[in-house]
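J.: This is the structure, below, for whatever I ask next.
The values are calculated or read from the model by the stated rules, or taken from the named source; none is laboratory data. This one's a predicted model, so the numbers in the text were calculated from it and none came from an experiment. Using ideal geometry, Cβ is built from the backbone for each residue, glycine included, and neighbour counts are taken over all protein chains shown.
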Amino acid sequence: MRPHRRKDIRKENRDLMLMSLPAMVWYILFCYLPLFGVAFAFKRFTPVPGKSLFVNLFANSKWVGLDNFSFLIRSSQMPQIIFNTLFYNLIFLVTGIVLPVFLAIVLTEIHGKHVSGMVQMVTVLPYFLSWVIVGYCLYGFLATNEGQVNHMLRFFGEGAVQWYQSPKYWRVILILTEIWKTTGYSMVIYMCAITAVDRSLYESATLDGAGFWDKVRYVTIPQLHPTISTIFILSVGSILASDFGLFYQVPLDSNSLQPVTQTLDVYVYKALMQQANFSYSAAASFLQSTVGCILLICANTVVKKIDKDSGL
Amino acid sequence: MRKISVILNLILAGILLAGCSDAGSADSDECIKLRWVTYDAGSTPLDAKKVIEAANKVSAEKIGVTVDLEFQSTEKINLMMASGEYYDMVFTSSWVNMFDKNASAGLYYDITDLVQKETPALYGSVGKYWDCAKVDGRIYGVPILKDMGAEDMFRLNSDYFEGEKGMEIPERMSFADIEPYLAAYKEDFPDKYPLAMDKSGMAGYLNFLERIVTPIIVIPYDQEDEVKAIPFWECDELMERYRLLHKWYQAGYIHPDAATIESAATDKSYPVRTGVAWKGYRGYSNPADWGFNVKTSIYDGPYISRTSEQGAMAGICVACDEERAAACLKYLELLSTDREFRDILGYGIEGTHFEYLDNGTVYRLPAGADRYNTKLYQTGSVVNASVESVSRTFLSDPNQWEAVYEGYDENGIYSKAGGFSYDPSRKEDIITALQAIYSDYDAELRTGTSDPDKVVPEIRKRMEAAGIDEVLDDINSELKAFLADGGM
């Protein structure tokens, strides 16, 4: 390649900057500008109607330090809630990487284009259903009287199960539902990464006598490494956040199931639904973001230690 | 957490925009236009705009005030209040947009003097019910006169129970008395569930308690010696009802998935439903609605307390100047004194949405039933509006309210707490935690799904750990001081 002249570089940069401008404006407007709202978490928000938000937040509201966080500690269930949040997120972290990678590898190796396309479509489709709809589809299977599963159990002479009152099954049900809904979508990302792998690597591997599994192990996985690390680091950042729809809508907010379905987001929603207290919600969200941010930085450092090129 | 940040962003954007726009100043020189936000009870009526226009024509001429009436959901109103948005008048009550909380927080205009000076007719019409709008002796809202006491009733398919089974449906029964009816139906139809039930439980199932912190800390109406706030598990009557419900659930009188069913309203086959209304109310009984004749039987009430009296109120924004506040009051006064004007916002445009029947009651025409089917309490005085008949032949008593109010005076079961209200803001963190704990159990408790003798001790243990005693002590010391002062 011919070395760029300085002017060319500047021009190229300008074009690229211009292209990314809308995204930057969006970030400034919706991510950086509202950052002052963090103040909500440390204020007792007492607005005077008709005044602007800034006056209400900074002049009319008192600083209360960490008081807004105390409702989180008040719940004796907090250890269980944190456990649930971490438990599901760690499992999703693993299944969210292993299964899509596996599926992506298998699908790219399948020669029949129709089969491959079909499988892709079927696995990606659930991603576009909303959790509310998924919740009711599941209810169609698990309803006590009219549910398909209980029909089948009765057919085989077993007693009907009151699914929505039996927490022991739900860890599995929730994990399966999440896998069913998201695997296809994440798979697409890995398929793209695999298509970008230089084909000549496979050819030379084949010449060296590598079988299918050898190619996966020595070519595909190492090539996917950066993508996997990036996705891993990003998911670690949201380890205290959980998919509200999965844990609230899918179990239909059933009381009996709460020991296994209550995560931090569900708790915050239930605690604050009737109160509309912005200070408390801001406190909860601030806590999640802070923990997430710290974990993200830690994960990034660890990943960098292990493999210099894979960090962010 | 995305949900919460989205809400926060919305508020921010909303406020930034609201800051720029003109905060609702007078439209023209002579007319004051008020922004009035009311509860939408589920949906905004389609013809709202037309109706409001018609009402504005009349009110502009009579008192020089017009309204920009908005129908909003509970969540939207809560958001509006919590973010400090400007409005002139807002729907407030003990169940939507909490009056006591907002009034204690200083969000409403103190109308104590203004209402007597500017609108003596309104002041006179509300009479003793002003007490429920007082906080520390000052009036912060206008109670809307409607059914002021809660009467809970069973609604039974009388064709079946009286006609086929030869059972008698009395005008009053106790809660437990419904059992033989449920049993009879279950025997005939083993695959059906006789008692209509969804996740919100029976209509008004807590009405027989005065609720200080809904629904966790209550004052029963029948406390003998000392009036005291107690946690719900100490109320024997409530626990007894939960046990009965659980028994019925196990007997198959209640749908096994009741605790997760969103609504049982559309299934009309249930022979026993519950409702909250008043003596003589006929809205539940139109055979054309159900396909069979319905008889109601009251099992509770009328219970009259601060909570029940605050069923619907109008609060005026503290940021209003005196002129606008007076305009709000004048508008409410017109709604409470001018029946013809009242019927416009209540029922729509005469001839299009409703017509007057010969006995003076109102019949909603199909256009009214489809396009402007509001509840009266949403738009002002219920008592001053004409009474609705559910069909041209199934007539209501046009003077039903007199009998209802007489009933309150004669048979009303009055709270002994004398209008006590509690400002939850000091203990908000504990109460928030308590609400979260309660919501882990509530749907299964009130539908009879769970066994109260197993679940309630668990709730109790968790609530005690969360500090409910601290809240109870606080409430009771305030209550004691309040009662020692002689109440209101």
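J.: Return the only residue of B:MET153, B:MET148 being buried (at least 18 other Cβ atoms within 10 Å of the Cβ), touching a Gly at 6+ places or on another chain (Cβ under 9 Å), at pLDDT 90 or above and of a type outside the set (D, E, K, R). Break it down into steps so the answer makes sense when it comes.
T.: On the way: B:MET148 fails: at pLDDT 90 or above.
Result: B:MET153 is the single residue among B:MET153, B:MET148 that is buried (at least 18 other Cβ atoms within 10 Å of the Cβ), touching a Gly at 6+ places or on another chain (Cβ under 9 Å), at pLDDT 90 or above and of a type outside the set (D, E, K, R).
J.: I would also like to ask the following. Name the one entry in B:LYS279, B:LYS330 that is surrounded by fewer than 23 Cβ atoms within 10 Å (Cβ to Cβ), more than 30 Å from B:ARG392 (Cα to Cα) and touching a residue at least 40 places away in the same chain (Cβ under 8 Å).
T.: Exactly one residue qualifies, and that residue is B:LYS330.
J.: Based on what the data block shows, is B:LYS186 over 21 Å from B:ASN411 (Cβ atoms), surrounded by fewer than 20 Cβ atoms within 10 Å (Cβ to Cβ) and at pLDDT 90 or above?
T.: Yes.
J.: Need at least 2 residues that are farther than 26 Å from A:ASN56 by Cβ, among the hydrophobic types (A, V, I, L, M, F, W, C) and touching an Asp or Glu at 6+ places or on another chain (Cβ under 8 Å) per element, so show me which helices (runs of 4 or more DSSP H) inside region B:57-125 make the cut, counting only ones lying wholly within it.
T.: Where helices (runs of 4 or more DSSP H) fall fully within region B:57-125, none carries at least 2 residues being farther than 26 Å from A:ASN56 by Cβ, among the hydrophobic types (A, V, I, L, M, F, W, C) and touching an Asp or Glu at 6+ places or on another chain (Cβ under 8 Å).
J.: Can we say B:LYS50 is farther than 26 Å from B:ILE344 by Cβ, among the charged types (D, E, K, R) and part of a helix (DSSP H, G or I)?
T.: no
J.: Residues that are within 14 Å of chain A (Cβ to nearest Cβ) and at pLDDT 85 or above: find the helices (runs of 4 or more DSSP H) completely inside region B:376-453 holding 1 or more of those.
T.: B:428-438, B:442-446
J.: Also, quick follow-up: Can you name the residue in region A:18-70 that is of a type in the set (Lys, Arg) and away from chain B (no Cβ under 11 Å) and, of all such residues, is farthest from the chain's Cα centre (by Cα)?
T.: Step by step, filter region A:18-70, then rank; the result is A:LYS62.
J.: Which residues, taken from region A:153-204, are within 14 Å of chain B (Cβ to nearest Cβ), surrounded by fewer than 14 Cβ atoms within 10 Å (Cβ to Cβ) and part of a helix (DSSP H, G or I)?
T.: Once the filter is applied, which keeps residues that are within 14 Å of chain B (Cβ to nearest Cβ), surrounded by fewer than 14 Cβ atoms within 10 Å (Cβ to Cβ) and part of a helix (DSSP H, G or I), region A:153-204 yields only A:ARG154.
J.: Related question: Which number in (1) closer than 19 Å to B:GLU323 by Cβ; (2) within 13 Å of chain A (Cβ to nearest Cβ); (3) among the aliphatic types (A, V, I, L, M); (4) surrounded by fewer than 23 Cβ atoms within 10 Å (Cβ to Cβ) marks the one condition that B:LEU79 misses?
T.: The single condition B:LEU79 does not satisfy is (1).
J.: Let me ask something additional. In region B:37-96, which residues are free of Cβ contacts under 8 Å to residues at least 12 places away in the same chain and acidic (Asp, Glu)?
T.: B:GLU53, B:GLU61, B:GLU75
J.: What about B:LEU206, is it at pLDDT 90 or above, in contact with a Phe, Trp or Tyr (Cβ under 9 Å, 6 or more places away or on another chain) and of a type in the set (A, V, I, L, M)?
T.: Spelling it out, it is not the case that B:LEU206 is at pLDDT 90 or above, in contact with a Phe, Trp or Tyr (Cβ under 9 Å, 6 or more places away or on another chain) and of a type in the set (A, V, I, L, M).
J.: Could I ask something else about it? For a quick check of your reading of the model, give me the residue pairs whose first member lies in region A:245-274 and is closer than 21 Å to B:THR74 by Cβ and in contact (Cβ under 8 Å) with a residue 40 or more places away in the chain, whose second is assigned to a loop (DSSP other than H, G, I, E, B) and of a type in the set (Val, Ile, Thr), with beta-carbon atoms closer than 7 Å and at least 6 apart or on different chains.
T.: Within 7 Å, no pair qualifies.
J.: On to the next question. Can you tell me which residues in region B:357-396 are surrounded by 17 or more Cβ atoms within 10 Å (Cβ to Cβ) and hydroxyl-bearing (Ser, Thr, Tyr)?
T.: Across region B:357-396, the qualifying residues are B:THR361, B:TYR363, B:TYR372, B:THR374, B:TYR377, B:THR379, B:SER381, B:SER386, B:SER389, B:SER396.
J.: Residues that are polar (S, T, N, Q) and crowded, with 19+ Cβ neighbours inside 10 Å: list the helices (runs of 4 or more DSSP H) wholly contained in region A:55-145 that include at least 1 such residues.
T.: Values: elements: A:70-74, A:78-109, A:113-124, A:131-142.
Passing ranges, in order: A:78-109, A:113-124.
J.: Right, another one. Within region B:57-75, work out how many residues are surrounded by 19 or more Cβ atoms within 10 Å (Cβ to Cβ) and either touching a Gly at 6+ places or on another chain (Cβ under 7 Å) or within 20 Å of B:THR119 (Cα to Cα) (or both).
T.: Of the residues in that region, 4 qualify.
J.: Still on this structure, please answer the following. Among residues belonging to region B:280-322 that are among the β-branched types (Val, Ile, Thr) and farther than 23 Å from B:ARG364 by Cβ, point out the one that is farthest from the chain's Cα centre (by Cα).
T.: That would be B:VAL318.
J.: Can you confirm whether B:ASN97 is farther than 25 Å from B:ALA41 by Cα, buried (at least 22 other Cβ atoms within 10 Å of the Cβ) and touching a strand residue (DSSP E or B) at 6+ places or on another chain (Cβ under 8 Å)? Lay out the reasoning, then the answer.
T.: On the way: farther than 25 Å from B:ALA41 by Cα: no; buried (at least 22 other Cβ atoms within 10 Å of the Cβ): yes; touching a strand residue (DSSP E or B) at 6+ places or on another chain (Cβ under 8 Å): yes.
Taking the combined requirement at face value, the residue does not satisfy it.
J.: Might you check whether a residue that is in a helix (DSSP H, G or I), buried (at least 20 other Cβ atoms within 10 Å of the Cβ) and of a type in the set (D, E, K, R) occurs anywhere in region B:335-347?
T.: yes
J.: What about B:ILE475, is it over 22 Å from A:LEU264 (Cβ atoms), buried (at least 20 other Cβ atoms within 10 Å of the Cβ), in contact with a Pro (Cβ under 7 Å, 6 or more places away or on another chain) and touching a residue at least 24 places away in the same chain (Cβ under 8 Å)? Can you show your working first?
T.: On the way: over 22 Å from A:LEU264 (Cβ atoms): yes; buried (at least 20 other Cβ atoms within 10 Å of the Cβ): yes; in contact with a Pro (Cβ under 7 Å, 6 or more places away or on another chain): no; touching a residue at least 24 places away in the same chain (Cβ under 8 Å): yes.
In short, no.
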